[in-house]
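Any read-out appearing in this document is the output of simple, stated calculations on the displayed coordinates, not a laboratory observation. This is a predicted model, so every value here is computed, not measured. With ideal geometry, Cβ positions are generated from the backbone for all residues, glycine too; neighbour counts draw on all protein chains shown.
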Amino acid sequence: MSSLSTSGVFSSRVDYFCLVCESRLRDEADAAAHVAKPVHTKNFLTTEYFGNQQECVRKIKKWYLCELCNVLLPTAARVRLHLVETRHLEHRHALAVQRRAGRVIAFASVQLDDRAWNGILEDTCAICNTEFDDEHIHRNETTHILKLIQSKIEYDENQNLYRRVDDNTIHCITCNKLIAFNSIDAHSNDDEHKNLYQSCCDVTFNSNEDKIEIETENAVSTHIEKSENVDDKNDIINKKEHSGIDNEKNDIKQNEEQIIKILDDVTIDVDEKSNSNSEIEDILSSIENFNRNDININIELQTATCKKCDKHLDFQVKTIKEHILEHEINKDEDDSDTTQEFTEEMQNGKTSPTTVQEKQRFKKVKAKKIKENSFNYETKQFANKNDMIYFDNEDKVYCNKCKVNIPTSLKCLQEHVAGAAHLKAINKQHLEVALYNNDESDKEQTNKIAAEDFISNTIFLDGIFKCVVINDKICISLLSFNLMVEENNKLKCLICEQKVFTHDFDAHRQQYRHNKTASESFVLSDHLNEFIREIKPQHFHCGYCNSVHSPYSAMATHIQSDDHRESRSSGHIRLQRLMPEIIQHRREQQFNRMMHVFGFMFGANRRQFSDSDSD
């Protein structure tokens, strides 16, 4: 991942352009200097990630920039297609595990055992899938190192790390065990696995604490050595003073100045070393309080992130406490008129009133929150519209459909409503209405045709988009055509109802059972501009959006939504761009058929002449 792309600079090998400031840059050096300017930093803070932050797609004005792939995307629908592309998935998986200071760290918080990372299980290597006599010799063999580099790491939604050994065996890296492929879920939920995973996290945290303790001890020892040196120098000076009582006063003043200079040097040296660790020590002493207030602290990376608003904070105790107070003020907006004196905790456990300047800053924060009342009103309106309960006295919103609590941020509510879990709950509710209430509108009769009869021709384009063109009129993604969706870093087959790894996509879609079930589905022929398949009774799949809706009334509502229209428009635009290639492909097919017929006729004539000659 380029450092320029993470700063909002879109570039090629030659040209550079800052999307945040909308300015063209001469070269890489000019771009690096530009992103370091305060003006760029200020503008960059106004941007935010689109959807899941782990996907690293940043929304910058009217553009969507993928920081992993350095790809510029025009619409949200195009972003969804990009997130399932192989290149993006490979880039995302590559960042999961990194080596830092001689240790293998996963997700910036899980330290992996060196033997487990090398696949060593007693006298067996899981990476090479072979046995060995000497572990040290095997780990340094060329074949083992090359296979280790080429091995692919896979992980699920709970960040459990696995390595594929063969078609039936998986290597759990945190437990350093071989498990059967069909027992991954059971192993992940096992208490032993969870304890080992937590121990890997604790090792990372403890190693950071040990490092801090060592640095603190070094600082203390330096302080003692410096103090001893001062005492020795003071003894020498005192001897000179006692032996030379009759010396002039200027000599005494010079000795006093020398003592003061030595003491000042020692104080400055000790302060510089002690201050470097004081901030970390203060954060460690308050880390429990920060965790209770949903502040995620990473000691190794020295980062602080608020889980409530996904904001990155400065790694300072004062800044973190001020941010916590902002959330408390937001929570107690109704009591903003009451006068309350703010206090801050000191190192000795006592409290002291804040300064006038700090009180003024808190008042500004209150004024800012009052201005945001309009946003709270918009949030309440959105919650009521989507069957949610907004709790004024609590920092949460309750979703009646999903039975879960959500933060009061409008962005969080919008992401939840657009999420797969919420849509699944809505579809389930519609299905229950159809089953128990016998809603006649859901049983609306539509003309259906078998998928194998509807599809007269298909063209598979294995390019940037990996799409399929059906009947020269409909262009959808390859995953959608094969009725598969991405779910928790894996692929889920909607008709076979099983999860497969990304690299097993081709093998699964070529299975007889999958092809047979897909061909037996029905296409709704009434919707000429759509590609809607009924994969199960009253379960309809939208080809453009790659989503399932149940019953039919839910699908009818979906195809009228803005998201669907945007996805369908993107498909039509992509089809127009691909039409020249499709026409060329058709011409080549027609030419090959003509040549085949001509060759057959020519071969028949030759056989006829040969037969006549033999007569």
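Numbers below:
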item	result
Protection proxy ranking, peptides 169-177, 16-24, 310-318, average beta carbon neighbours within 10 Å, highest first	169-177, 16-24, 310-318
Unit charges on C-beta of K, R, D, E only; dipole of the stretch 5-90, Debye	300
Relative contact order of the stretch 96-189, pairs being alpha-carbon contacts under 8 Å that are 6 or more residues apart, as %	18
Cα shape, the stretch 96-189, gyration tensor, a/c 1.5 rule	oblate
Stretchable slack from D526 to A29, in nm (0.36 nm times residue separation minus alpha-carbon distance)	173.1 nm
Computed E for L284/D453 - FRET, C-beta separation, R0 60 angstrom, nearest 0.05	0.30
Residue-count net charge about K401 - beta-carbon cut-off 11 Å; Lys, Arg +1, Asp, Glu -1	+2
Vicinal HN-Hα couplings computed from phi for the stretch 483-496 (Karplus, 6.51 cos²θ - 1.76 cosθ + 1.60; Hz; Gly/Pro x)	6, 10, 10, 7, 8, 6, 6, 10, 10, 10, 7, 6, 9, 8
Total formal charge among the other residues, if their Cβ is under 12 angstrom from that of W117, Lys/Arg +1 and Asp/Glu -1	+3
Local net charge near E90, Cβ-Cβ under 13 Å (Lys/Arg +1, Asp/Glu -1)	+1
